[in-house]
1. With viscosity set to 1.306 mPa s at 10 °C, what whole-number translational diffusion coefficient in µm²/s follows for the chain from Stokes-Einstein and a Kirkwood radius over Cα pairs?
2. Tell me, what is the percent relative contact order of the chain, built from C-alpha pairs under 8 Å that lie six or more residues apart?
3. Please report 37, 81 as a ranked list, fewest other C-beta atoms within 10 angstrom at the top and most at the bottom.
4. For 11, 159, 128, what ranking results if the residue with the fewest other Cβ atoms within 10 Å of its Cβ goes first?
5. What per residue convex hull volume, in Å³, comes out for segment 52-95 when only alpha-carbon positions are used?
6. Quick check on the chain: of the DSSP beta bridges with both residues there, what percent are antiparallel, nearest 5%?
7. Can you give the calculated 222 nm mean residue ellipticity of the chain, where each DSSP H run of n ≥ 4 adds -39,500 (n - 2.57) and the sum is split over every residue, rounded to the nearest 500 deg cm²/dmol?
8. Can you give the relative contact order of segment 122-165 as a percent, counting alpha carbon pairs under 8 Å and 6+ residues apart?
Ligand SMILES: [Zn+2]
Ligand SMILES: [Zn+2]
C-alpha cells in the first residue's frame, strides 16, 4: 500500500517547483468509493482531497496515483475549481513538465492497467463427457452463463452426451 500523504506532499512540492501553488490541503483521505479516482472538496475555504484505495495498491503504477493527485491538487488552485481554462492550462503545464497525462477524466484501463480491470471477468468452460468427442464450450464474462449454472439441463451439441464443468479460469 502506498503512503498517500507522502505522495500528496511530493506532488505539492513538484507543483510549487513549477510555480503552481494550490491552497493548503487540510487532509488527504483514502476512499473506498468506486465512483471516482480522486475528489477535491472545499468547505468554508478549507480544502481536502480523497483518493480511491485502488490507486494506492502496490501493483498500480505510481504515475496513476500522481496523475490523480495532480488533477485534484490543481482544483485547489484559485480559479481552478472547474475544468475550465485555467485548470486546463495548468494541467497541460504539469503534463509537459512531469510527463503526465492529466485529463478531465481518466479511464480505468489508463489508471489501473488492462489486467487489473479484467480481474473480475472469468472464463466458464464445460467439456463433453464422451471421451471420443472433443466438445468444449466456453464463454468469458462476469456471471455464469445459464448452461454453466444448470449444466444438467444441457448436452453436448455434437454428440448429445452429458457435459462437465472444468473450472472457471482456464
Ligand atoms: Zn476534476
Ligand atoms: Zn460430445
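1. On the way: Rh = 19.1 Å.
Result for D is 83 µm²/s.
2. Numbers: 247 pairs, mean separation 26.3, N = 170.
Computed value for the chain: 15 percent relative contact order.
3. Details: 37 26, 81 14.
Result, fewest neighbours first: 81, 37.
4. Details: 11 26, 159 13, 128 21.
Ascending Cβ contact count within 10 Å gives the list 159, 128, 11.
5. Details: hull volume 2.7 nm³, N = 44.
In segment 52-95, the Cα convex hull volume per residue is 62 Å³.
6. Values: 15 of 22 bridges.
Within the chain, antiparallel bridges account for around 70 percent of the total.
7. Working: 6 runs with 55 residues, N = 170.
Computed ellipticity for the chain at 222 nm equals -9000 deg cm²/dmol.
8. Working: 74 pairs, mean separation 19.9, N = 44.
With pairs under 8 Å counted, the relative contact order is 45 percent.
A short reminder: the numbers here are calculations on the coordinates, not readings from a lab. Being a predicted model, the structure only gives us computed values, none of them experimental. FYI the Cβ positions are ideal-geometry reconstructions off the backbone, even for glycines, and counts take in every protein chain you see.
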